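Q: Here you go, one structure.
Every number in this text was worked out from the coordinates using simple rules, so none of it is lab data. Note that the structure is a prediction, hence the values are computed from the model and not measured. FYI the Cβ positions are ideal-geometry reconstructions off the backbone, even for glycines, and counts take in every protein chain you see.
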Amino acid sequence: MHAMRDPRAAPEVVRQMNDQAEPDGNGLGEDLEAAAEPAPPDTGEPRVDAALTLLDGLADLPVTEHAVVFERVHAELTAVLGQLDPESAGD
């Protein structure tokens with residue numbers, strides 16, 4: 001049985017690897033850090049992408065404030081869906 005790793009530990013591991021990277025300017029450390037950061041969403045619909053990027057700040061907020069962010073993202077996604085497919089808007 002495999003133990004699950006805490007995904008928040010990954011940036012710390014990358015920082016440690018960057019610290020150990022060769023200081024000869026080969027860019028290894030920068031490549032590792034860039035690879036550890038998730039790419040912004042690209043759904044093909046800029047309004048959906050913008051709504052999803054609101055989720056990026058969740059880690060910096062107290063859990064008690066997460067619901068507000070989820071509600072905003074839900075509202076924005078619902079509005080976009082209603083504009084793209086008026087039949088799905090539920091009116």
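Q: If we sort 55-68, 75-88 on the protection proxy, mean other Cβ atoms within 10 Å, highest first, what's the order?
A: The peptides rank, most packed first, as 75-88, 55-68.
Q: Note down the net charge around residue 69, summing +1 for each Lys or Arg and -1 for each Asp or Glu among other residues with Cβ under 12 Å from its Cβ.
A: -4
Q: Provide the net charge surrounding residue 48, with neighbours chosen by a C-beta distance below 10 Å and charges set as Lys +1, Arg +1, Asp -1, Glu -1.
A: -3
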